[in-house]
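S.K.: Take this structure first; my questions come after.
Just so it is clear, none of the values below were taken in a lab; they were calculated from the coordinates. Computed from a predicted structure; not experimentally measured. Cβ: placed from backbone, ideal geometry, glycine included. Neighbour counts: every protein chain shown.
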Amino acid sequence: MLRQLQLVTGATDPVSETDGLDVTTSALSETFPKGLMVVQDDRNEGFSRNFKFVSWADVIQAMQLAD
């Protein structure tokens, strides 16, 4: 089954283009208790490339994945 996730404006600007992402499901801190997804963002208004750090717990909740 193919699933799609869109990172939109919230605490940061949306991810518009990416060259890739990586995920760890290891607990890293109180901020990332179920892991972390790092997404490379290729286009940022007024900025160059950067990385978005997303709590894996938020991804699980947003995509209604099994915990």
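S.K.: Of the listed peptides 56-64, 16-24, 36-44, what is their order by residue-averaged count of other C-beta atoms within 10 Å, with the highest listed first?
M.R.: Listed from highest to lowest mean packing, they are 36-44, 56-64, 16-24.
S.K.: Count charges around residue 25 for me, please; just the other residues with Cβ under 14 Å from its Cβ, Lys/Arg as +1, Asp/Glu as -1.
M.R.: Net of charged neighbours comes to -2.
S.K.: Can you pull the one-decimal nm distance between simple spin-label points at residue 66 and residue 42, each 7 Å off the Cα toward Cβ?
M.R.: That separation, rounded to one decimal, is 3.4 nm.
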